[in-house]
Amino acid sequence: MTTALGSGLLPTSDADPFGHEVLENPLPLHAELRDAGPIVYLTKYDVYALARYEQVRAALVDWQGFQSAAGVGLSNFRTEKPWRTPSLLLEADPPLHDAPRRVLARILGPRALRTLRDRWMADAERLVDRLLSGTNEFDAVADLAEVFPLRVFPDAVGIPKEGRQHLLPYGDHLFNAFGPANDLVEKGAAGAGELLAWAQQQCARPLLTEDGFGAAIWAAADRGEITSEQAPLVVRSLLSAGVDTTVHALSAILYALATNPAQWQRLREHPALARVAFDEAVRWESPVQTFFRTATDDIRIGGHTVPGGRKILMFLAAANRDPRRWTDPDAFDLSRDPSGHVGFGMGIHQCVGQHVARLEAEALLTALVRRVHSVELTGPVRRHHNNTLRAWGSIPVRVRTR
Ligand code: OVV
């Protein structure tokens, strides 16, 4: 599948990173692309790919050379009309990117989240208590990973209760839409307009509660830190990036712990490892598998030139398991230091919501290890395929509570 046409020539691959076979298990392709060279040409989509840690990280931090404003999906905004108004965070470069980023970084920063911490810890305890009072067998996706973020995050943003069932389908389509127009995009296309319209309606000031992230964004507009035209788009970024990602990260942690009992015991003995467990799960699973950049101008990578305007696919997931960077990369191991992983990206676009996600995971894991002695799978697990997200559809588990 991958051929290096002699040394010095650009390695190529005919693989489809967005095909169902790869989405079911992307690890073999990731290894193949890493081993093919520092940069590989993907014939199916006429794009370049980076799968090694060194090159992925270098592209992420070089925002001048690798622009985001032409879109971070396959579609090139230089020549194609975006399906939604581009994000001021994700799909913008400095200077446009900077003020929205500054505003969100403060609103979602560790200091600002301190007031949420006790509430979310208590919410997680209640959720776990209620779940375990009914049964010791449940689906870790539908009954836990999807429930907790949907319980706490929309409230924290401050959107109305009504319509929240649209959040996951909106995110699922959005993340599919970063990939090619394949069957996954096709299946969401009919509902996409309505989902997007719904998401955008939730960002209007009168609909938002007075104490949430949404209201704080509008308050920043009042102070002139962003414009009032920008405010609803910044709120939209929270609804776009903050739900599916955390659900799939929590699913990944629960699967990792269910299949690595020694790591569960370690976490039980040291609940302060919850935050390490979260980052190790983000490294191990990479809930966001890939994003594209666009070469601003001709750029040299690994001895090859990518012409300006061309798309470059960064395999965050492959970088996060690159043996050139990580010892025993496929092991989910709470004794390693996962910092430096690129699961949240790196540089000026690095996930601005990561402290929120980490707090959600910490709250849920802390509540779980307090009650649960062991977790095991009880039946076949099922993946959920998405062009960008690594996701579980179902993780049936049994827990022992004494
Ligand atoms: C990181 C991310 C993913 C999806 C959407 C957005 C950001 C956004 O800003 O809309």
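Any read-out appearing in this document is the output of simple, stated calculations on the displayed coordinates, not a laboratory observation. Note that this is a predicted model, so its numbers are computed, not measured. A quick note on method: Cβ atoms are made from the backbone with ideal geometry, for glycine too, and the neighbour counts reach across all protein chains shown.
For residue 51, all conditions in the list (1) more than 16 Å from the ligand (Cβ to nearest atom); (2) under 21 Å from residue 352 (Cα atoms) hold save one; what is the number of the exception?
(2)
Which of (1) within 24 Å of residue 231 (Cβ to Cβ); (2) within 15 Å of the ligand (Cβ to nearest atom); (3) touching a Phe, Trp or Tyr at 6+ places or on another chain (Cβ under 9 Å) is the odd one out, the single condition residue 88 does not satisfy?
Condition not satisfied by residue 88: (3).
Only one of (1) free of Cβ contacts under 8 Å to residues at least 60 places away in the same chain; (2) out of contact with any Asp or Glu (no Cβ under 9 Å at 6 or more places or on another chain) fails for residue 336. Which number is that?
(2)
Have a look at 399, 342, 306, 372 and point out the one that is touching a residue at least 40 places away in the same chain (Cβ under 8 Å), within 16 Å of the ligand (Cβ to nearest atom) and not aromatic (Phe, Trp, Tyr).
Details: 399 fails: within 16 Å of the ligand (Cβ to nearest atom); 306 fails: within 16 Å of the ligand (Cβ to nearest atom); 372 fails: within 16 Å of the ligand (Cβ to nearest atom).
Selected residue: 342, the only one of 399, 342, 306, 372 that is touching a residue at least 40 places away in the same chain (Cβ under 8 Å), within 16 Å of the ligand (Cβ to nearest atom) and not aromatic (Phe, Trp, Tyr).
Of the residues that sit in segment 80-125 and are part of a helix (DSSP H, G or I) and basic (Lys, Arg), which one is surrounded by the fewest Cβ atoms within 10 Å (Cβ to Cβ)?
Narrowing segment 80-125 to residues part of a helix (DSSP H, G or I): 98-107, 110-125.
Subsequent filtering for residues that are basic (Lys, Arg) retains 101-102, 106, 111, 114, 117, 119.
Details: 101: 20, 102: 14, 106: 14, 111: 8, 114: 10, 117: 13, 119: 13.
That would be 111.
Scan 185, 152 and give me the residue that is out of contact with any Asp or Glu (no Cβ under 6 Å at 6 or more places or on another chain) and among the β-branched types (Val, Ile, Thr).
Details: 152 fails: out of contact with any Asp or Glu (no Cβ under 6 Å at 6 or more places or on another chain).
On inspection, the qualifying residue turns out to be 185.
Can you name the condition, by its number, that residue 142 falls short on among (1) within 16 Å of the ligand (Cβ to nearest atom); (2) closer than 23 Å to residue 244 by Cβ; (3) surrounded by fewer than 18 Cβ atoms within 10 Å (Cβ to Cβ)?
So residue 142 meets the others, but not (1).
Can you tell which of 259, 290, 227, 294 is polar (S, T, N, Q), under 20 Å from residue 53 (Cα atoms) and more than 19 Å from the chain's Cα centre (by Cα)?
Working: 259 fails: under 20 Å from residue 53 (Cα atoms); 290 fails: more than 19 Å from the chain's Cα centre (by Cα); 227 fails: under 20 Å from residue 53 (Cα atoms).
Only one candidate passes the filter, namely 294.
Going by the conditions given, is residue 355 crowded, with 22+ Cβ neighbours inside 10 Å, within 16 Å of the ligand (Cβ to nearest atom) and not polar (S, T, N, Q)?
Judged against the criteria, residue 355 is not a match.
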